[in-house]
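Structure first, then comments.
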Amino acid sequence: MNTWKEIVDKQTKEYGDHLEAVKKSKEQLEASKQAVLSTAKCSEAELPTVLKEMLHLNEQNWDKEYGMYGTRFKEMRINHQKELTKFFEREALAQEINNDQSAEKDKSKDKSAGR
């Protein structure tokens, strides 16, 4: 059973790790692009259509995986939301149990006071 602080710390670390992975993958994407340009010995505008399409497809695939609405971010966000929902459901249940116990104590006090 995690405390609120543990959940926040864990999710903060996961988000930081995600941002680091985004940065590294973007750098790899750019390095790959530069390698293609270097091998072709021309600028991006002068690249043959096939290579331009390949670079464009690589960027699209990167965006689908790492972009703001990419699969990695969505999965992390969904997992975080599930974790928070579970935490708040546990807290609500604990509060409900405490309220029920308090109500039971009040009832038993009322019965003993009326005698």
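Observations, loosely collected:
- Any hit, region 39-58, residues being of a type outside the set (A, V, I, L, M, F, W, C) and touching a Lys or Arg at 6+ places or on another chain (Cβ under 9 Å): yes
- Qualifying residue in region 97-106 (condition: assigned to a helix (DSSP H, G or I), under 33 Å from the mean Cα position of the chain (by Cα) and either modelled with pLDDT under 95 or within 29 Å of GLU14 (Cβ to Cβ) (or both)): yes
- One residue from LYS52, LYS23, LYS13 being basic (Lys, Arg), closer than 30 Å to ARG90 by Cα and not in a loop (DSSP other than H, G, I, E, B): LYS13
- Of the set (1) in contact with a helix residue (DSSP H, G or I) (Cβ under 8 Å, 6 or more places away or on another chain); (2) of a type outside the set (Lys, Arg); (3) without any contact (Cβ under 8 Å) to a residue 24 or more places away in the chain; (4) surrounded by 13 or more Cβ atoms within 10 Å (Cβ to Cβ), all apply to TRP62 but (3).
- Being in contact with a helix residue (DSSP H, G or I) (Cβ under 6 Å, 6 or more places away or on another chain) and either open to solvent by 70 Å² or more (accessible area, probe 1.4 Å) or touching a residue at least 40 places away in the same chain (Cβ under 8 Å) (or both) holds for only one residue in MET54, MET76, MET68, and it is MET76.
- Residue match in region 85-98 (condition: of a type in the set (Phe, Trp, Tyr) and open to solvent by 100 Å² or more (accessible area, probe 1.4 Å)): yes
- Considering only residues in region 35-50 that are of a type in the set (A, V, I, L, M) and more than 28 Å from GLU20 (Cα to Cα), the one that is surrounded by the fewest Cβ atoms within 10 Å (Cβ to Cβ) turns out to be ALA45.
- Pairs where the first residue, in region 12-31, is under 16 Å from ASN61 (Cβ atoms) and the second is among the acidic types (Asp, Glu) and assigned to a helix (DSSP H, G or I), C-beta under 8 Å, 6+ apart: SER25/GLU65; LEU29/GLU59
- Within region 6-33, the set of residues being surrounded by 12 or more Cβ atoms within 10 Å (Cβ to Cβ), closer than 19 Å to ARG72 by Cα and of a type in the set (Ser, Thr, Tyr) comprises TYR15, SER25.
The values are calculated or read from the model by the stated rules, or taken from the named source; none is laboratory data. Every value quoted in this text rests on a predicted model; they were computed, and no experiment measured them. All Cβ positions, glycine included, derive from the backbone under ideal geometry; neighbour counts span all protein chains shown. Each accessible area value is taken on the protein alone, full model and side chains, heavy atoms only, with ligands, DNA and RNA left out. Shrake-Rupley method; radii C 1.70, N 1.55, O 1.52, S 1.80 Å.
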